[in-house]
Amino acid sequence: AQAKKRIIGLREEIARADRAYYVEAATFLSDMEYDEKFAELGLLEETFPEFSSPDSPTRRVGGEPIKGFRTVEHRVPMLSIENTYSEEDVRAWVTRVEKALGNGSGETGSDGLFGEGSVVGVGWGIQYVCDAKIDGVALSLRYEKGKLVYALTRGDGEKGDDVTNNVRTIRAVPLQLEGKAPKILEVRGEAYIPTDVFKQINAEREAAGEEPFMNPRNTCAGTLKSLDPRVAAGRELGFVAHGRGVIKGGSPGETHTEYLGFLRGLGIPTGSATACGGVHEILAAIEGFREGQSELPYMIDGAVVRVDSFAQQDGLGVRSRSPRWCIAYKYPAERKTTRLKKIEPQVGKTGKITPRAFLEPVLLAGTTVSHASLHNYGQIAKKDIREGDVVVVEKAGEIIPQVIEPVVSERRRGARKVKAPAQCPVCDGPVEIEPAEGADDVTQETTRRCINPECPAQIREKLVWFTGRGQMDIDGLGEKSIDLIRATDGIPLGHFADIYALGRYEQQLVGLDRMGEKKVENLLVGIERSKARPMWRVLGSLGVRHLGSANAKLLARRFETIDDLIGSGVEELESIEGFGPVRAKVVHEYLASPVGKKTIKSLRSAGVEMANPDYHGGGGSDDAGDTVFSGKTIVITGTLEQHKRDELKEIVEQLGGKVTGTVSKNTDILIAGEKAGSKLKKARDLGVEVWDEAKLIDNLPDDVG
């Protein structure tokens, strides 16, 4: 009884501390006190499991990884907000609102301001509300009888992905509402990564030799779509409410302002909305948020202006994708000039070689900037950026600034053009250059990539891929185990072949944190079993560009042994149906390179058999390797929530598809995300099959992300 009472008391105290911090911007528990009470609660719940609860704060640390996300229909669609970019746009919107609401007659409008059938006459005396536009990820939280039952992403506005497991880790999101909650309450808001947390994540990634994340919004989106809730728990996401969905059994008020107060009373954090009586106050509020953005805990990219009255909102109505009673003002990017001291190539985890600009420090958007992104060597050539140039640097919603252009009039005499590295600057391995489709000069280059899978800059990610379920399938050797072993002195794990020597270090492995005898025993059994994987599985596990499982099967059908494959020419590879000249060249260069030959030899020496039961005498076909993408021409456009464009391109190509940048009559499938634009229109005009991200995920194999 005492334990139960203490558990309930600790939960209430921690919930009050969360509310004070996230809703009231106050603190009544120090960090140390909070952590001590949290630890005590966790110990008590472990000791007395009969008192455990899914609503306990301890559940926020993240549970076991999940298999995937289900798609759920929004009860009320989540609409986009119309963007504006100038003072004139804001004035024009206010004029339209006031004309539509202004005559007090209650009649249907016919002046065409908002289209035929718009409702007018909800009354003059219009009040507006302006608040900061958080550069985050839109969420819909559904509470039933005060308990959080699920959280959805915006998705396509009609349906979203269920990300409840990850959202439950966000301390700013109450698992149980306070006070008298409605029977059903759907809260719309924005999840975000706090600016200081984002900077810390990037500092850690750079220290580890990994590419930094480009901006907090994309990082937040990727975090929410991670299959492991512990990722979300470790990134300390925040949440701010700003909208409403279904509400039953409660009165949220008659205005947006009253609704925000209603939410705060339930323990849900909201932003700092500013009441405005007209266009002059709206413009002043927009400027005020711009000037104060460096003081906010999150990144903003503009301000949102709403009509305050719900009755007037209903009167104005909505378009097909956006409400007429709300607009977003997007801030223009801040630009400054500084001197570009040098450009150095950096190799990311996928082998992508990115030029990085080192600048004379300049204060930009509230922070001192000393380096910036140059994207790729094609952009450097196209813009003719040279070391020593005075350059224009831009930083809007992006945390990492970008070099926009050189100031040619201030160029120093003798400044030389930048020469792109012909070999990997880390391992001296071969480099793959990807020009844009149809390109014939360096200014069209889009990617320069090291294709050596054992490059030290890539090896950790390659090891994770190699051991994965769809590749060599070594149970017990996942990301955490690989990181733990690689951080241990005396146990080498820098090459694929090192995996097969781990048995020599059995006692050291047993002594590692959370390993133990049984786990190590299972790990070594898994390693031994993987030696019997067929040749195509080995090839598809090496992490070579354009050589995933589907293409590896094509090679296994044509070549009886790995030696036959290594001894083949580019023309022979190119003749394989579905392979193509680019893929043939990349695969041949790797297998014929000293690095490729050494990798195969070391795996053989370690006992990896590379048997080939899939060989078909050099010809024939086998439908077992076919995928929905095999032989298809795919175009990817728009913003996808779960996939980065480059990563998705690689997945599709590994599954036998060809990814191009232009929609034509030869295009088989267009994969369209948000803001797909002209490519989507052209695809529809040509009758090309169009997939959204949900359909894409449904058609990916279970072992592919």
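The values are calculated or read from the model by the stated rules, or taken from the named source; none is laboratory data. A quick note: this is a predicted structure, and the numbers were derived from the prediction, not measured. Counting neighbours? That spans all protein chains shown, and the Cβs are built from the backbone with ideal geometry, glycine included. For the accessible areas, the whole protein counts, side chains as well, though only heavy atoms, and no ligand, DNA or RNA atoms are used. Shrake-Rupley method; radii C 1.70, N 1.55, O 1.52, S 1.80 Å.
For region 449-529, give me every one of the helices (runs of 4 or more DSSP H) that falls completely inside it and has 1 or more residues that are surrounded by 20 or more Cβ atoms within 10 Å (Cβ to Cβ) and in contact with a His (Cβ under 8 Å, 6 or more places away or on another chain).
On the way: elements: 459-467, 479-486, 506-510.
The helices (runs of 4 or more DSSP H) meeting that bar are 459-467.
State which residue is modelled with the highest pLDDT when the search covers only region 576-598 and only residues that are within 20 Å of Thr660 (Cα to Cα) and open to solvent by 50 Å² or more (accessible area, probe 1.4 Å). Don't jump to the end; show me each part of the working.
Keep residues of region 576-598 that are within 20 Å of Thr660 (Cα to Cα), which gives 576-587.
From what's left, open to solvent by 50 Å² or more (accessible area, probe 1.4 Å): 577, 581-582, 585.
Numbers: Glu577: 69, Pro581: 82, Val582: 78, Lys585: 88.
Checked region 576-598; the qualifying residue modelled with the highest pLDDT is Lys585.
If you check Pro361, Pro355, Pro421, which single one turns out to be touching a His at 6+ places or on another chain (Cβ under 9 Å), modelled with pLDDT of 90 or more and either open to solvent by 60 Å² or more (accessible area, probe 1.4 Å) or closer than 30 Å to Thr599 by Cβ (or both)? Break it down stepwise before answering.
On the way: Pro361 fails: touching a His at 6+ places or on another chain (Cβ under 9 Å); Pro421 fails: touching a His at 6+ places or on another chain (Cβ under 9 Å).
Checking each option against the conditions leaves just Pro355.
Please count how many residues of region 182-221 are modelled with pLDDT of 85 or more and of a type in the set (Gly, Ala, Ser).
Number satisfying all stated conditions: 3.
Out of all the residues in region 530-549, which are in a helix (DSSP H, G or I) and open to solvent by less than 10 Å² (accessible area, probe 1.4 Å)?
Ser530, Met535, Val538, Leu539, Gly540, Ser541
Quick grid of which residues meet (1) in contact with a helix residue (DSSP H, G or I) (Cβ under 7 Å, 6 or more places away or on another chain); (2) under 24 Å from Arg217 (Cβ atoms):
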residue: Glu295; (1), (2): no, yes
residue: Met299; (1), (2): yes, yes
residue: Gly302; (1), (2): no, yes
residue: Ser309; (1), (2): no, no
residue: Leu316; (1), (2): yes, no
residue: Ser320; (1), (2): no, no
residue: Ala328; (1), (2): no, yes
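Six or more apart or on different chains, Cβ atoms under 7 Å: show the pairs whose first residue is in region 160-184 and within 26 Å of Glu674 (Cα to Cα) and whose second is assigned to a loop (DSSP other than H, G, I, E, B) and open to solvent by 30 Å² or more (accessible area, probe 1.4 Å).
Between residues of region 160-184 that are within 26 Å of Glu674 (Cα to Cα) and residues that are assigned to a loop (DSSP other than H, G, I, E, B) and open to solvent by 30 Å² or more (accessible area, probe 1.4 Å), the close pairs are Asp161/Phe69; Asp162/Phe69; Asp162/Arg70; Val163/Phe69; Asn165/Gly63; Asn165/Ile66.
I need the full set of residues from region 636-688 which are open to solvent by less than 40 Å² (accessible area, probe 1.4 Å), without any contact (Cβ under 8 Å) to a residue 60 or more places away in the chain and under 15 Å from the mean Cα position of the chain (by Cα), in order please.
Gly638, Leu640, Leu648, Gly673
Give me the residue from region 618-650 that is modelled with pLDDT under 80 and among the basic types (Lys, Arg) and, out of that set, farthest from Asp162 (Cα to Cα).
Lys649
How many residues does region 58-69 contain that are part of a loop (DSSP other than H, G, I, E, B) and either modelled with pLDDT of 85 or more or buried (at least 18 other Cβ atoms within 10 Å of the Cβ) (or both)? So that I can check it myself, show each step before the final result.
Taking region 58-69 as the starting set, the residues that turn out to be part of a loop (DSSP other than H, G, I, E, B) are 62-69.
Among the residues that remain, those that are also either modelled with pLDDT of 85 or more or buried (at least 18 other Cβ atoms within 10 Å of the Cβ) (or both) are: 62, 69.
Of the residues in that region, 2 qualify.
What are the residue pairs meeting all of these: first residue in region 290-302, first residue in contact (Cβ under 8 Å) with a residue 24 or more places away in the chain, second residue open to solvent by less than 60 Å² (accessible area, probe 1.4 Å) and part of a helix (DSSP H, G or I), Cβ atoms under 7 Å, and 6 or more apart or on different chains?
The qualifying pairs are Pro297/Thr195; Tyr298/Thr195; Met299/Thr195; Met299/Pro216; Ile300/Phe289.
Has region 117-127 got at least one residue that is hydroxyl-bearing (Ser, Thr, Tyr), at pLDDT 95 or above and under 17 Å from Gly317 (Cα atoms)?
Narrowing region 117-127 to residues hydroxyl-bearing (Ser, Thr, Tyr): 118.
From what's left, at pLDDT 95 or above: none.
Looking through region 117-127, none of the residues is hydroxyl-bearing (Ser, Thr, Tyr), at pLDDT 95 or above and under 17 Å from Gly317 (Cα atoms).
Return the total of residues in region 223-255 being open to solvent by 50 Å² or more (accessible area, probe 1.4 Å), farther than 20 Å from Gly179 by Cβ and among the acidic types (Asp, Glu).
Here the count works out to 1.
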